[in-house]
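A short worksheet on the structure shown next.
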Amino acid sequence: MSTPTAAAPSVDATARARDLLGVSRLTNAALTSWLHGLPGVDQVGCEARAAGLGTRSIKTTSKAWGIDLAISMIDLTTLEGADTPGKVRGLCAKAITPDPTDLATPRPAAICVYGDMVPTAKEALGQSGVKVAAVATAFPSGRALMPVKLADTRDAVSAGADEIDMVIDRGAFLSGDYLTVFREIAEVAEACVRTDGTRARLKVIMETGELVTYDNVRRASWLSMLAGGDFIKTSTGKVSPAATLPVTLIMLEAVRDWRDLTGEMVGVKPAGGIRTSKDALKFLVTVSEIAGDDWLDPHWFRFGASSLLNDLLLQRQRMAIGAYSGADYVTDDSPSLY
Amino acid sequence: MAKFEYAPAPESRAVVDIKPSYGLFINGEFTESQGGSAFKTISPATEEVLAEVTSASEADVDRAVAAARRAYNGAWGRMSGADRGKYLFRIARILQERAREFAVLESLDNGKPIKESRDVDVPLAAAHFFYHAGWADKLDYAGLGTNPRPHGVVGQVIPWNFPILMLAWKIAPALATGNTVVIKPAETTPLTALLFAEVVQQADLPPGVVNIITGAGATGQAIVDHPDIDKLAFTGSTGVGKMIARSIAGTRKKATLELGGKAANIVFDDAPLDQAVEGIVNGIFFNQGHVCCAGSRLLVQENIADDVEKRLKRRLETLRVGDPLDKNTDVGAINSKAQLQRIVDLTAAGEAEGAERWDNGCALPSKGFWFRPTVFTGVSQTHRIAQEEIFGPVLSVLTFRTPHEAVAKANNTPYGLSAGIWTEKGSRILWMADQLRAGVVWANTFNKFDPTSPFGGYKESGYGREGGRHGLAAYVTTGDSK
């Protein structure tokens with residue numbers, strides 16, 4: 001279903017950006033005029049479109065199909081200061097066997113943890129096929145110097161992370177310093193290259209809740225793709241609002257248009273705030289109708305979530321046995337501490 | 001093709017109770033016709049016969065007008081505005097309570113998708129009653145002039161494209177201002193109006209205040225010609241509108257006419273393109289294009305024409321055409337065989353005149369009346385498909401180079417009902433709105449309706465306004481009473 005590892009970048013991001021922008025030197029002015037030349041987003045129209053997609057009625061066979069697909073797209077996440085190896089191992093066990101009453105249940109795509117938990121997760125997941133994603137680059141704020149961010153990234157990669165979820169410098173972005181954001185992403189992408197030449201896939205977290213406007217989300221999406229991100233991701237989960245449907249819609253339009261321009265596909269990951277099966281199905285409808293069915297694949301679309309998995313499992317059980325079971329009929333490996 | 005197939009999600013028909021046959025709603029009750037005949041109303045999606053309805057005779061019209069006159073001279077005419085408002089509020093609430101029933105029946109009889117009847121037609125119909133209920137006791141302060149008072153008996157003839165919504169647009173202001181009503185729904189879509197008769201009974205409206213009679217053109221003409229009608233309100237084709245204007249010329253009858261359109265939806269190169277594409281789709285494929293203010297002419301700036309065309313076609317491939325009762329249907333059935341034939345004829349003319357035809361290639365049901373969402377490119381002003389109202393899911397794409405050229409092309413039509421402007425430049429929106437000879441100008445949106453906003457046309461799109469304070473004005477006379 002998905003390719004095991006991303007190939008090393010064939011061209012360096014700056015050279016390709018110069019090519020795409022048609023400039024001899026990549027300056028902030030060149031990036032600005034390119035990003036600000038993208039068509040604007042009308043907020044009312046965008047939100048109306050998302051709401052319209054949210055009214056699609058997904059029933060019976062398509063619902064069953066969608067639930068299994070959504071499960072397989074989850075980056076099962078724990079990003080707490082209180083995380084321990086035991087908590088991470090529990091979550092890995094959940095990923096390997098999401099529903100002990102039905103072993104045909106698909107596994108989530110990945111476990112998403114802080115960098116120091118990568119070895120624990122790797123070991124616990126073994127050969128299950130579930131990947132390990134690590135947040136890096138001074139997650140969630142990104143307020144650290146570049147050497148720190150790169151060391152953070154290299155550390156996770158060398159510990160075996162399959163995927164790196166980095167954060168952009170929202171301060172730089174909002175102050176119009178697109179070149180800094182570009183360079184950071186491009187350098188982190190280089191830091192994702194392993195010693196054997198393969199590389200971890202890079203998800204670029206834009207923290208759309210801090211970018212606020214849809215125009216900013218669109219520009220940040222294009223900037224992230226231009227700089228070499230394999231995925232564009234909405235949020236850290238630490239800022240509200242996190243993954244909304246309209247924001248995800250804008251990002252799906254961006255990856256669709258990016259493919260038209262370059263022929264390359266980039267993944268999309270809404271993260272934070274998606275808790276119910278009903279919501280997940282709305283996102284899948286949006287993926288299908290905006291970007292197209294090519295993105296309906298865990299390689300190209302992910303949900304950053306924790307409680308979503310159990311709601312999907314409850315719905316899955318209901319579709320199998322025809323009645324709702326209850327919260328105690330799905331296992332919970334990340335109950336609240338409080 | 002698609003990986004994500006949506007399973008059928010039909011809205012249940014069980015909520016509606018369609019009688020085998022219907023009489024005429026006169027003086028607060030259903031009565032048999034005197035000398036009229038019967039005709040069948042069908043579901044355009046399946047050609048299934050839904051019910052038999054009455055074609056009202058001149059004698060029936062006479063009875064209805066007499067009932068309306070009695071009510072006007074009786075309890076209704078003496079009632080305070082505050083009390084009239086209570087009836088309107090009651091009707092509005094009943095419409096909301098029975099919303100699903102109205103939505104399902106509307107989709108069955110008209111062919112429009114349930115998501116539109118459920119989310120647009122019925123809620124907006126209720127909103128019109130709520131809005132006008134509020135005006136009923138405040139007419140002196142509506143800025144209409146001194147001493148506003150009703151005309152008396154109002155004759156109303158409404159079209160088949162938004163049956164219950166057009167009924168609400170007509171009845172709500174008429175009652176709020178103290179008139180009584182004789183209304184005729186279109187012959188292909190009488191059922192929601194007949195269901196509304198039940199609402200009138202449920203609301204305990206005095207007998208004769210609202211009379212609902214069914215029939216075709218002859219019945220409509222009998223209403224228009226009836227000597228005891230004080231005011232006419234018509235929504236429909238420009239051809240019929242002209243006939244009405246001729247019929248009442250030289251009489252005391254007042255009239256408002258809401259007629260056809262050939263709206264330009266104008267997209268500038270600085271527009272929010274993805275939302276503009278949505279607006280184009282909503283402008284012409286909403287309600288199968290059976291919309292008088294439909295954005296049937298897309299005027300796109302030449303330097304982005306190819307890009308917009310590509311985005312538009314990609315979007316149209318995701319439109320779901322089929323069973324109107326399926327909650328995932330975007331485009332339903334064409335309302336009648338006759339309308340389908342008109343669309344077929346005009347699109348054939350478009351091809352013959354050299355425009356390039358494209359449709360989304362979707363599968364169509366084998367029974368019923370259907371037409372694929374269709375786009376013509378390379379259209380010029382001279383083509384019939386750029387001049388005549390098709391009233392179907394057919395978009396004609398034209399290009400322009402400058403704002404002045406866009407205005408000139410947009411205005412170069414005998415119609416003037418609506419227009420759309422897509423640009424991120426606010427000053428251009430204001431300048432364009434000033435230049436466009438259209439009753440409604442939408443900026444960065446399309447087909448948005450609200451009871452507070454007056455709606456109506458320039459030129460051959462008719463006269464008078466509906467909705468807002470302006471809409472009230474058509475239902476009152478002012479000044480010293482003689």
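The values are calculated or read from the model by the stated rules, or taken from the named source; none is laboratory data. Here the structure is a predicted model, which is why all the values come from computation and not from measurement. Every residue, glycine among them, receives a Cβ derived from its backbone with ideal geometry; neighbour counts consider all protein chains shown.
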Among (1) closer than 22 Å to B:Ala127 by Cα; (2) under 16 Å from the mean Cα position of the chain (by Cα), there is one condition B:Ile212 misses while meeting the rest; what is its number? (2)
Kindly indicate which of B:Glu47, B:Glu5 is assigned to a loop (DSSP other than H, G, I, E, B) and in contact with a helix residue (DSSP H, G or I) (Cβ under 8 Å, 6 or more places away or on another chain). B:Glu5
Scan of the stretch B:261-272 for residues that are within 12 Å of another protein chain (Cβ to nearest Cβ) and β-branched (Val, Ile, Thr), ordered by number: B:Val267
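Table: residues versus (1) within 14 Å of another protein chain (Cβ to nearest Cβ); (2) buried (at least 17 other Cβ atoms within 10 Å of the Cβ); (3) of a type outside the set (Lys, Arg); (4) assigned to a strand (DSSP E or B).
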{"position": "B:Pro414", "(1), (2), (3), (4)": "no, no, yes, no"}
{"position": "B:Glu424", "(1), (2), (3), (4)": "yes, no, yes, no"}
{"position": "B:Ile429", "(1), (2), (3), (4)": "yes, yes, yes, no"}
{"position": "B:Asp434", "(1), (2), (3), (4)": "no, no, yes, no"}
{"position": "B:Trp442", "(1), (2), (3), (4)": "yes, yes, yes, yes"}
{"position": "B:Arg469", "(1), (2), (3), (4)": "no, no, no, no"}
{"position": "B:Ser481", "(1), (2), (3), (4)": "no, no, yes, no"}
Can you report the number of residues in the stretch B:318-371 which are polar (S, T, N, Q) and either in a strand (DSSP E or B) or without any contact (Cβ under 8 Å) to a residue 24 or more places away in the chain (or both)? 3
Checking B:Gln275 against (1) over 19 Å from B:Val181 (Cα atoms); (2) away from chain A (no Cβ under 14 Å), which test does it fail? (2)
When every residue in the stretch A:228-248 that is closer than 18 Å to A:Ile74 by Cα and outside any loop (DSSP other than H, G, I, E, B) is compared, the one farthest from the chain's Cα centre (by Cα) is A:Leu245
Looking for whichever is assigned to a helix (DSSP H, G or I) and surrounded by fewer than 18 Cβ atoms within 10 Å (Cβ to Cβ) here; the options are B:Ala82, B:Ala67, B:Ala14. Which one fits? B:Ala82
Can you name the residue in the stretch B:17-42 that is in a loop (DSSP other than H, G, I, E, B) and touching a Phe, Trp or Tyr at 6+ places or on another chain (Cβ under 9 Å) and, of all such residues, is farthest from the other protein chains (Cβ to nearest Cβ)? B:Gly23
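Could you identify the single residue in A:Leu103, A:Leu69, A:Leu76 that is crowded, with 24+ Cβ neighbours inside 10 Å and not basic (Lys, Arg)?
On inspection, the qualifying residue turns out to be A:Leu76.
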Only one of B:Gly85, B:Gly111, B:Gly81 is at positive phi and at pLDDT 95 or above. Can you tell me which? B:Gly111
Selection status of A:Arg316, crowded, with 22+ Cβ neighbours inside 10 Å, within 30 Å of B:Arg320 (Cα to Cα), over 21 Å from the mean Cα position of the chain (by Cα) and more than 14 Å from every other protein chain (Cβ to nearest Cβ): yes
Residue ID - nearest to A:Leu226 (Cα to Cα), chosen from residues in the stretch A:3-35 that are surrounded by 13 or more Cβ atoms within 10 Å (Cβ to Cβ) and at pLDDT below 60: A:Pro9
From A:Leu53, A:Leu76, which residue is within 14 Å of another protein chain (Cβ to nearest Cβ) and not small (Gly, Ala, Ser)? A:Leu53
Kindly indicate which of A:Leu284, A:Leu226 is in contact with a helix residue (DSSP H, G or I) (Cβ under 9 Å, 6 or more places away or on another chain) and within 29 Å of A:Leu26 (Cα to Cα). A:Leu226
Take the residues in the stretch A:259-276 that are more than 14 Å from chain B (Cβ to nearest Cβ) and farther than 20 Å from A:Ser235 by Cβ; name whichever of them is surrounded by the fewest Cβ atoms within 10 Å (Cβ to Cβ). A:Gly263
Take B:Ala271 and decide whether it is assigned by TED's automatic domain parsing to the domain that holds B:Lys170 and either out of contact with any strand residue (DSSP E or B) (no Cβ under 9 Å at 6 or more places or on another chain) or more than 19 Å from B:Glu388 (Cα to Cα) (or both). no
Given A:Gly22, A:Gly66, which one is within 23 Å of A:Ser307 (Cβ to Cβ) and either facing another protein chain (nearest Cβ under 9 Å) or not aliphatic (A, V, I, L, M) (or both)? A:Gly66
Please work out if B:Glu11 is within 14 Å of another protein chain (Cβ to nearest Cβ) and more than 15 Å from B:Ala193 (Cβ to Cβ). yes
Checking the condition touching a residue at least 40 places away in the same chain (Cβ under 8 Å), of a type in the set (A, V, I, L, M), within 21 Å of A:Gly272 (Cβ to Cβ) and more than 14 Å from chain B (Cβ to nearest Cβ), which residue from A:Leu31, A:Leu35, A:Leu91 passes? A:Leu91
In the stretch A:43-81, how many residues are part of a loop (DSSP other than H, G, I, E, B), touching a residue at least 12 places away in the same chain (Cβ under 8 Å) and more than 25 Å from A:Val167 (Cβ to Cβ)? 3
Filter result (outside any helix (DSSP H, G or I) and either at pLDDT 95 or above or in contact with a Gly (Cβ under 8 Å, 6 or more places away or on another chain) (or both)) within the stretch A:308-338: A:Asp333, A:Ser334
Failed criterion for A:Met251 (all others in (1) surrounded by 23 or more Cβ atoms within 10 Å (Cβ to Cβ); (2) assigned to a loop (DSSP other than H, G, I, E, B); (3) not hydroxyl-bearing (Ser, Thr, Tyr) hold): (2)
